[in-house]
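The values are calculated or read from the model by the stated rules, or taken from the named source; none is laboratory data. Owing to the predicted nature of the structure, the values given are computational and were not obtained by experimental measurement. Don't worry about glycine lacking a Cβ; one is built from the backbone with ideal geometry, like all the others, and counts go over all protein chains shown. Just the protein is used for accessible areas: all its heavy atoms, side chains included, with ligands, DNA and RNA removed. Shrake-Rupley method; radii C 1.70, N 1.55, O 1.52, S 1.80 Å.
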Amino acid sequence: MKYIPYGQHSIDAGDIKAVVNVLNSDFITQGPVVPQFEDAIANYSGAKGCVVVNSATSALHIAYLSLGLGPGDYLWTSPNTFVATANSALHCGAKIDFVDIDHESYNMSIESLKLKLEFAEKNGSLPKIVVPVHFAGQPCDMKAIWQLSQRYNFRIVEDASHAIGATYLDAKVGSCAYSDVTVFSFHPVKIITTGEGGAATSNDQTLLDRMRRLSGHGLIRDHNFMESRPDDEIWNYQQIELGFNYRMTDLQAALGLSQLKRLDSFVDKRRELARVYDNCLADLPVVVPVQDPKSVSSYHLYPLQVLQSGCQLSQKHLFARLHDLGIGVNLHYVPVHRQPYFEKLGFKLGDFPNAEAFYRAAMSLPMFSHLQPADQTRVVDALHHLIL
Ligand SMILES: *Cc1c(COP(=O)(O)O)cnc(C)c1O
């Protein structure tokens, strides 16, 4: 029986040719394709510029550092995310806190954010950065978060690892209309891939320059900005701050550039598959994802909630039985604050009840652009068989 994963990359002949072309060229890294890929992402998303790096985790790290996050600062994000969103803040020496999620969108709740900000203002613990995560590809209500940022003076990084190709208020996610930086991931389970890879878009040239510098050891090559040294010495570059080697290769950028051309067709296909799930699961005691009218999801995931009251099996048993049937459902996410490492930082069960309740019911169904109709039917039939 064929195993159906929850997510999978799609590589075609054009993608392969693009990578082979780079292998046959003069540069396999730091050549011409990386800036081409950066321009293409900026054009697609409508942002002023883009910096590509070796992962979304790296992109988050340099975005946070460029916004000045450091020891003594707070960064707030959603507990319903991959650990990287929070970890990159800890790597800056900052303190992490979470804002509970909304029942319908599974994104950071605007109401909870408001209340937490009011409280934090009183006890002097306002965040420097808030990181909304566009869970499953559904954009957060960025305008509302931006309005709060004006009142409480915080910066905004969008973790759009799930959401390249999604739209919010008729603009593409990544346009940064209501944020300082937007981060994308190109890991193979995400919507487009470079093997490993990530990107940060922004409309702020100073931030773009700083992120680029941090991704390359903190070096500059422009003599106008170098410190003066004796005239008879040769200086090709100067290190002016401490950075990292977070570079993307031209091999990866070529794959990404080719994949970006296929992005809209990938997202269209995901939306079609989501409509099929919506219709075929309507008779089950499950909650299907709700589409916010302000936005269009890119459906990185199709997160279902299985209501225990109507289901024969516990969530854990349902998972096991589906895997027995070759259906690779997955769980997004164990709330970050419940990870042992984060519990040692002081978080505990009960801190973010909505995220915890969602996790106890959640199940991500197979969702990728080349999921075949017969395979999707297998998933739908198995759910009916096991739940009813
Ligand atoms: C995948 C993911 C990341 C990390 O992406 P990498 O490219 O693997 O570093 C960060 N945040 C979210 C929400 C993700 O899904």
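Quick one: helix 56-66 against the long Cα principal axis of the chain, what's the angle to the nearest 10°, folded into 0 to 90? Rounded to the nearest ten degrees, it is 50. Taking every protein chain into account, the accessible area of the chain amounts to 44 square angstrom per residue (probe 1.4 Å).
If a/c stays under 1.5 just call it rounded; otherwise compare a/b with b/c (prolate if a/b is bigger, oblate if not). Do that for segment 287-388, with a ≥ b ≥ c from the square roots of the Cα gyration tensor eigenvalues.
Working: a/c = 1.94, a/b = 1.44, b/c = 1.35.
Judged from the Cα gyration tensor, segment 287-388 comes out prolate (a/c at least 1.5, a/b above b/c).
Separation of segment 21-54 from segment 369-384 is 36 Å, based on Cα centroids. Helical runs (DSSP H, four residues minimum) scored at -39500 (n - 2.57) apiece and divided by the length of the chain put the mean residue ellipticity at 222 nm at -12000 deg cm²/dmol.
The trypsin sites (Lys or Arg not before Pro) found in segment 1-63 that occupy coil by DSSP, while having at most 15 further C-beta atoms within 10 Å, are 2, 48. Within the same chain, lysines fewer than 8 places from residue 116 are excluded, and of the rest, those with a Cα less than 19 Å from its Cα are 95, 128, 143, 348. Expressed as a whole percent, the accessible surface of the chain that belongs to carbon and sulfur atoms is 53, based on a 1.4 Å probe.
Near residue 54: Cβ cut-off under 13 Å, other residues only, Lys/Arg at +1 and Asp/Glu at -1. The net charge is -1.
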